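A.B. asks: Pasting in a structure now, in structure tokens, and then I'll have a few things to ask.
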Amino acid sequence: MTQTSAAAPAWTTRRATGCPFDPPPARSGLLGREPISRVTLWNGGTAWLVARHADQVALLRDERVSADNRRPSYPSLSAASEATRAHNRAFITMDEPEHNEQRRKFTGDFTIKRMEALRPRIQEIIDELLDAMEESGPPADLVTSFALPLPSLVICELLGVPYEDHAFFQRASAYLVDTRSTVEDALTASTELVEYLGDLVERKVSAPGDDLLSRLATGYLATGLSTREECANEARLLLVAGHETTANMIALGTCALLQHPEQLAAVRDGDPRLVAGAVEELLRYLTITHMGRRRVALADIEIGGTTIRAGDAVICAGDLANRDPEVFEDPDELRVDRQARRHLAFGSGPHQCLGQNLARVELQLAYPALLRRFPGLRLDRPLTEIPFRTDMAVYGVHELPVTW
Ligand code: HEM
């Protein structure tokens, strides 16, 4: 890290007891008091913590800000992510022009049009999962019975990854997003996942199917445009990003709605337009990627009266941007009928989420289907006993015991 300071408070994602949907209390007040402040990271280094929506948008779109996690001052999440950071490079941690060269291989796969065309198939998967949940009867863990298998099945079909292997790749991906993982476990998980996906892409060269990895195999690997390693790293990014995030939005979003019965009723009974707006509001209110967008300044940058020096680490706290009163009225209130579209839950700038159109379709179908199937849905345990994912790169719940 570039600077150390005894005064800078520790970066923490610990939430207040009984208030699991608000940003960590350690960050409360920063928006009004100190929109650009210093924080101390797990390894004793420091980073600039950027709170305001406008400042984050400006920085995330600024070419003088790098997402390359190999830079010495990059503010990594944990010892495990530091140890694996030069490993398995993919476009999420690349800068231009390399980033766009790689990302554009996939933009056609995730257009609104293509994702909208998946609606009937996604609805079918949802109905099957809800049938199984209903058949086995209450109680159920919403994470294992619905929230996790839904996006996992969808991304597996899209990529052409056999869902039968889900126990393996879900466990490996859990190690990668857990800040408490040991260096050894994270390295093993990451290597196994890349080996598995590399083999899969190679097999698809001679036996392609109608899926994204087959297109990668025949269009890039077989033609020499990409190496096996590049294909495997890209597949790993899509597989992990494609299910960890949406799964947590489904479970945490349901948990939040259960604490706000009027908002829940609006989503359950609302038309598709209201539901689409409610999804944006839940994305804003919950900001599950709660560890912030992590970057390194490549030049001195003046922002909000502060000079960020070349080489300084920067964390754009999306959870604070999404509670910025300059952009959202009464930001701490969950209001499913508000216009929340300017939220930064999918990031901003060149790295803005590639899978956002898919996530939107999944969430727009999942919440109302679940709430309509089980109108009496409720938590089977007090909220205080729900295990929240404080230490994971993606926030949410480890399990959500529900009954109906
Ligand atoms: C990037 C959030 C679902 C694939 C991102 C970023 C955020 C994010 C905040 C920006 C990272 C950065 O700037 O450093 C979410 C949330 C989701 C979701 C909240 C669900 C609710 C998905 C899905 C996919 C996906 C379903 C499917 C493949 C990606 C990829 C990137 C990305 C590939 C990297 C884009 C780039 O660097 O150009 N996501 N995501 N995400 N997301 Fe998502």
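Values quoted throughout were computed directly from the atomic coordinates according to the rules given, and no laboratory measurement underlies them. None of the values given here were measured: they were computed from a predicted structure. Cβ coordinates were reconstructed from backbone atoms using ideal geometry, including for glycine residues, and neighbour counts include every protein chain displayed.
A.B. asks: For region 83-198, with only Lys/Arg (+1) and Asp/Glu (-1) charged at the beta-carbon, what is the dipole magnitude about the Cα centre, in debye rounded to 20?
C.D. replies: 540
A.B. asks: With n ≥ 4 as the cut-off for DSSP H runs, can you work out [θ] at 222 nm for the chain, using -39500 (n - 2.57) per run divided by the number of residues, rounded to the nearest 500?
C.D. replies: -13500 deg cm²/dmol
A.B. asks: Where does each of 245-255, 212-222 land if you order them by average Cβ count within 10 Å, highest first?
C.D. replies: 245-255, 212-222
A.B. asks: Among Ser78, Gly44, Leu298, which residue has its Cα furthest toward the positive end of the charge dipole of the chain, with +1 on Lys/Arg Cβ and -1 on Asp/Glu Cβ?
C.D. replies: In the chain, that residue is Leu298.
A.B. asks: Then there's this: Sort out for me the Cα centre separation of region 278-314 from region 127-151, rounded to whole Å.
C.D. replies: Taking the Cα centre of region 127-151 as reference, the centre of region 278-314 is 36 Å away.
A.B. asks: A further question follows. Please express the shape of region 272-317 as an equivalent ellipsoid: the semi-axes are the square roots of 5 times the eigenvalues of the C-alpha gyration tensor, given largest first in whole angstrom.
C.D. replies: 33, 11, 8
A.B. asks: Determine, at each q value in 0.15 (inverse angstroms), the log₁₀ of I(q)/I(0) that the Debye formula gives when each Cα of region 214-282 is one equal point scatterer.
C.D. replies: -0.63
A.B. asks: Which residue, Gly137, Gly160, His243, has the largest displacement toward the positive end of the dipole of the chain when charges sit on each Cβ (Lys, Arg +1; Asp, Glu -1)?
C.D. replies: The listed residue farthest towards the positive side: His243.
A.B. asks: Separate question: Zone of Arg121 (label point 7 Å along Cα→Cβ, backbone N under 14 Å): which residues in region 135-174?
C.D. replies: The answer is 151-163.
A.B. asks: In debye to the nearest 20, how big a dipole does region 62-113 give about its Cα centre with +1 on each Lys and Arg Cβ and -1 on each Asp and Glu Cβ?
C.D. replies: On the way: 9 positive and 9 negative charges, 36 e Å.
With only Lys, Arg, Asp and Glu charged at Cβ, the dipole is about 180 debye.
A.B. asks: Follow-up question, since we're still on this one. Relative to the Cα centre, what is the charge dipole magnitude of region 25-403, using +1 at the beta carbon of each Lys and Arg, -1 at the beta carbon of each Asp and Glu, and rounding to the nearest 20 debye?
C.D. replies: So the magnitude is around 800 debye.
A.B. asks: Next up: At 7 Å along Cα-to-Cβ for each site, give me the label-to-label distance between Glu302 and Glu195 in nm.
C.D. replies: Label-label distance for Glu302 and Glu195, simple model: 5.4 nm.
A.B. asks: Let me ask another. Work out the charge dipole of the chain with +1 on the Cβ of Lys and Arg and -1 on the Cβ of Asp and Glu about the Cα centre, then indicate which of Pro375, Leu334, Leu148 is farthest towards its positive end.
C.D. replies: The listed residue farthest towards the positive side: Leu334.
A.B. asks: Additional query: Rounded to a whole number, what is D in µm²/s for the chain from Stokes-Einstein with the Kirkwood radius over alpha-carbon pairs (37 °C, 0.692 mPa s)? Walk me through the intermediate numbers first.
C.D. replies: Working: Rh = 21.8 Å.
In µm²/s, the coefficient rounds to 151.
A.B. asks: Let me know the Rg and Dmax you get for region 1-111 when you use only its Cα atoms, in Å.
C.D. replies: 16.5, 48
A.B. asks: Moving to a separate point now. For region 385-404 and region 223-274, write down the distance between their C-alpha centroids in whole Å.
C.D. replies: The distance from the Cα centre of region 385-404 to that of region 223-274 comes to 15 Å.
A.B. asks: Translational D (Stokes-Einstein, µm²/s) of region 108-203 at 37 °C and 0.692 mPa s when Rh comes from the Kirkwood sum over C-alpha pairs?
C.D. replies: It diffuses with D of about 213 µm²/s by this estimate.
A.B. asks: Working out 0.36 nm times the residue gap between Thr227 and Thr144, then minus their Cα-Cα distance, what length gain in nm do you get to one decimal?
C.D. replies: 26.4 nm
A.B. asks: If I model a spin label as a point 7 Å beyond the Cα along the Cα-Cβ vector, how far apart are those points for Thr188 and Ser136 in nm?
C.D. replies: Going from the Thr188 label point to the Ser136 one covers 2.7 nm.
A.B. asks: Quick one: go through region 161-202 and flag any residue whose amide nitrogen is under 17 Å from the point 7 Å out along the Cα-to-Cβ line of Glu128.
C.D. replies: Inside the label zone: 161-167.
A.B. asks: In square nanometres and to one decimal, what's the mean projected area of the convex hull around the Cα atoms of region 354-404?
C.D. replies: Value for region 354-404: 4.5 nm².
A.B. asks: Distance between the C-alpha centers of region 80-120 and region 356-380? Whole Å please.
C.D. replies: A separation of 26 Å, based on Cα centres.
A.B. asks: Ranked highest first by the average count of other Cβ atoms within 10 Å around their residues, in what order do 296-302, 110-116, 76-82 fall?
C.D. replies: 76-82, 296-302, 110-116
A.B. asks: What per residue convex hull volume, in Å³, do the alpha-carbon atoms of region 301-404 yield?
C.D. replies: With only Cα atoms used, region 301-404 gives 169 Å³ per residue.
A.B. asks: If you don't mind, another one. Report the dimensions of region 40-175 along its three principal axes from the alpha-carbon atoms, largest first, rounded to Å.
C.D. replies: On the principal axes, region 40-175 reaches 53, 36, 32 Å in Cα extent.
A.B. asks: May I pose another question? Once you place label points 7 Å from the Cα toward the Cβ at His166 and Asp337, how far apart are they in nm?
C.D. replies: It works out to 3.6 nm between the two label points.
A.B. asks: While we're on this one: What is the extension gain from Arg180 to Asp391, computed as 0.36 nm multiplied by their sequence separation minus the C-alpha to C-alpha distance, in nm to one decimal?
C.D. replies: Result: 75.3 nm gained on full extension.
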